[in-house]
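A.B. asks: The structure is given below, and queries will be raised subsequently.
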Amino acid sequence: MDLTQGSPQIKRARSRKMMLWFAIGALIMSFAGLVSAFIVSSKQRLNEDWLVDFQLPDAFFISLVLILLSSLTFVLGKRALQQNKMQMVTIWLLATLGLGIGFVYSQFVGFGQIIVDGYNFTGPTSNITMSYIYVIAILHITHVIAGLVCLLVVIYNHFKQKYNSNNMLGFELAANFWHFVDMLWLVLFLFLYFFRYII
């Protein structure tokens, strides 16, 4: 009896997890395409407008720390849920939300720093190097915002008491996507930071 009732749940969980991994794979390919275009443009020195020694805004360093911390708080929230410590789940989820919002804010502060340095996204004060950085960062922010929406849904469901140690599917899916966007920014940041030393 329990086996037949559990089987559809297991199948649903597997299918949703597989859909998430397919989506993540597609996102990885899209960012890989952007990174490849960045590398090709740097080699060709398009319009002789490539900055050889570009500087990332200080706010991007702060955003990196914030988003890595948010992954940690999400992990702690999942661990608390596994132990059915609902009050701690609430604390860690709200901490993750705050850190995620802080990440988005710090990214826009970073864009402000780029503009202060004299580089706009388009127009006569634009630069192809910084325009790529704008595109990569903004595209990533959109996925972080999608992650924040998922997180808000998780928080709402948590307050509705839909999750427990035996029912964690929605929580796990949101956590996996959140960890993906976190690790994606880590990879993108390290690429942009160290690339200037190898071109």
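A.B. asks: Between Met183 and Thr122, how high is the FRET efficiency from 1/(1 + (r/R0)^6) when r is the Cβ-Cβ distance and R₀ = 35 Å? Nearest 0.05.
C.D. replies: After rounding to 0.05, the efficiency reads 0.70.
A.B. asks: List the extent of the Cα atoms of segment 95-169 along each of their three principal axes, largest first, rounded to whole Å.
C.D. replies: 56, 18, 15
A.B. asks: Counting helices only, and only those DSSP H runs with n ≥ 4, report the 222 nm mean residue ellipticity of the chain as the sum of -39,500 (n - 2.57) divided by its residues, in deg cm²/dmol to the nearest 500.
C.D. replies: Numbers: 5 runs with 158 residues, N = 199.
One gets -29000 deg cm²/dmol as the mean residue ellipticity at 222 nm.
A.B. asks: For the chain, what is the Kirkwood hydrodynamic radius in Å, using each pair of distinct C-alpha atoms?
C.D. replies: 18.6
A.B. asks: Taking a temperature of 4 °C and a viscosity of 1.567 mPa s, what whole-number D in µm²/s does Stokes-Einstein yield for segment 156-195 with Rh from Kirkwood over alpha carbon pairs?
C.D. replies: Rounded to a whole number, D works out at 108 µm²/s.
A.B. asks: What is the gain in length, in nm to one decimal, between Leu169 and Val135 on full extension, counting 0.36 nm per residue of separation less the C-alpha to C-alpha distance?
C.D. replies: The Leu169-Val135 span can extend by a further 9.0 nm.
A.B. asks: Counting only residues 5 or more places away or on other chains, whose amide H sits under 5 Å from the amide H of Asn127 once H atoms are built in the peptide plane?
C.D. replies: Here the answer is Asn120, since their amide H atoms fall under 5 Å of that of Asn127.
Where a number appears in this text, it was derived from the coordinates with a stated rule and is not lab data. The structure presented is a predicted model; accordingly, all values stated were derived computationally and were not measured. Don't worry about glycine lacking a Cβ; one is built from the backbone with ideal geometry, like all the others, and counts go over all protein chains shown.
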